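Have a look at the structure below, then the notes.
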Amino acid sequence: MGNLIKRLTEDRCPVCGKKLVISDEKWMKSMYVKSCPEGHIKKEVYPHLQTTIEYKKNSLGHR
């Protein structure tokens, strides 16, 4: 049961299904970045603004 709840709350890439990796850059105290290891998606999360900006790779390979 615990694994099911964990899987439902994890952010995963909608393309490949891999778990998004959180960057741990110390200079970004007001935001953090989650990204797909394969480069399909990137999310910038601003908790103090309750805002998430999501970037998806398009079919031409540009973000």
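The values are calculated or read from the model by the stated rules, or taken from the named source; none is laboratory data. Just so you know, these numbers come straight off a predicted model, no measurement behind them. Cβ sites come from the backbone with ideal geometry, for glycine too, and all protein chains shown count toward neighbours.
Things worth noting here:
- Of all the residues in the stretch 28-61, those that are at pLDDT below 90 and among the basic types (Lys, Arg) number 2.
- Residue check, residue 10 of a type in the set (Asp, Glu), modelled with pLDDT of 85 or more, surrounded by fewer than 13 Cβ atoms within 10 Å (Cβ to Cβ) and under 26 Å from residue 58 (Cα atoms): no
- For first residues located in the stretch 1-26 and closer than 17 Å to residue 44 by Cβ and in a loop (DSSP other than H, G, I, E, B), partners that are of a type in the set (S, T, N, Q) and at pLDDT 85 or above and lie 6+ apart or on another chain with Cβ distances below 8 Å form the pairs 20/35; 23/35.
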